[in-house]
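Some notes on the structure that comes next.
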Amino acid sequence: MLQRSAGNHAVARLMRQAKPQAEVLDEFPTDSVAPEAVPPEARVLKGPDEPAEEASLGRMLLRKEEDTKELCPKYYRYDTKADVASYNCAGLAWRTYDYRGDLDAERSAANAGSAPAGKPGEVKHWFWEYDLRLETDDGRKTEASHDFHTVAGVVDKAGKDPDDVYTKNGARPVFGPGTGPGSKPPARDRARSNDPSNKEMSTQDGAPLYKKRWNFKEVVKSHRCPS
Amino acid sequence: MSKLTFPPGAVRCLVGDHLIERTDDRWRVFRVDDYVAVERLLVLTRDGEPDELIAETPDGAAPRYAGPHLLLTAYSERFESSAAARAAITDQALGEAQAGVCRALSEFPAATTEVVR
């Protein structure tokens with residue numbers, strides 16, 4: 001609680017002292033937002049080896065990673081040495097750093113856990129599956145496919161949900177830290193290339209391409225901390 | 001998930017090599033014509049009609065065609081043994097050739113595939 005309070009005061013101080021940043025911070029109603037929703041000027045996505053200090057807004061909001069470090073070290077930040085193109089969301093969520101792209105297998109893996117009990121140290125997994133298509137504002141669209149996203153984090157010493165959850169979409173970069181529910185893919189966002197460049201995609205005539213997601217199903221289960 | 005990595009357990013062959021694949025109790029022969037990376041493309045439609053092609057950009061799901069892939073010439077003859085297949089390669093008695101066959105390299109595990117250089 002002391003850490004949390006200190007963090008909140010630090011954020012409030014930052015908002016008072018830095019007018020332009022305060023405008024950015026005002027856009028954050030919670031302690032986590034979808035990476036796509038973060039304004040570029042506030043996108044401070046630091047690697048786990050970088051110092052957790054004033055340079056990162058994410059760090060200012062971070063409260064529980066020290067609990068994670070003690071309770072389930074494998075989930076303390078993430079391995080920045082792993083090739084970001086070689087693992088996806090599930091590889092990060094399970095900290096196996098491989099490309100786990102079989103939706104059925106990942107649904108089963110998530111479902112194999114138990115109902116969350118709020119027990120310190122348990123690893124809470126969020127798994128979403130949904131229909132997905134690409135579309136433009138002028139009505140062009142692709143056929144739907146079925147896809148998924150998943151994240152995981154460690155329940156803290158107080159039995160509360162983690163706020164040091166990292167997320168990545170396909171072979172794209174890692175974003176975070178944030179919360180589990182805050183990592184749920186949005187109903188619509190810009191389509192980006194499935195590689196570390198994460199470039200926004202457009203049609204040949206320059207129309208922005210968007211991903212539309214619907215028919216969401218969610219699984220939230222807790223698993224043991226892996227050794 | 002790199003298209004540029006030899007899959008674990010798969011044979012490592014060169015362009016121009018022949019592959020002898022065991023299927024059940026028979027053997028068949030392919031010639032390796034090229035290594036290729038296969039990418040799924042999505043059809044973007046306008047009013048229900050194809051408009052342009054877009055590179056797939058999945059979320060968590062794996063890209064549809066994990067590679068690398070081989071472009072092969074497949075031969076029609078089937079053989080009782082790998083030795084008979086090797087002899088047929090030497091004798092150029094492999095039967096009808098079908099070019100442009102594309103298969104994932106991972107479909108040729110070393111346990112059931114012989115490489116003839």
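Please treat every number below as a calculation from the coordinates, not as lab data. Computed from a prediction, not measured in an experiment: that's the story for all the values here. Positions of Cβ are generated from backbone atoms using ideal geometry, with glycine treated the same way; all protein chains shown enter the neighbour counts.
Computed values, structure above
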item: Approximate spin-label separation A:Val220-B:Val43, in nm, with each point projected 7 Å along Cα-to-Cβ; result: 4.1 nm
item: Compactness of segment A:117-196 - radius of gyration and Dmax, Cα, Å; result: 15.4, 50
item: Extension reserve of the A:His146-A:Ala112 stretch, reckoned as 0.36 nm per residue once the Cα distance is removed; result: 10.1 nm
item: Spatial extent of chain B: Rg and Dmax, with the Cα atoms as the point set, Å; result: 17.4, 57
item: Relative contact order %, chain B, counting alpha carbon pairs below 8 Å whose residues are six or more apart; result: 37 percent
item: Additional length obtainable on full extension of the chain from B:Asp17 to B:Arg117, 0.36 nm per residue less Cα span; result: 35.5 nm
item: Subset of A:Lys168/A:Lys199; A:Lys74/A:Lys212; A:Lys141/A:Lys221; A:Lys74/B:Lys3; A:Lys157/A:Lys221 violating a 23 Å alpha-carbon distance limit; result: A:Lys74/A:Lys212; A:Lys141/A:Lys221; A:Lys74/B:Lys3
item: Dimensions in Å of segment A:62-131 - Rg and Dmax from alpha carbons; result: 13.3, 38
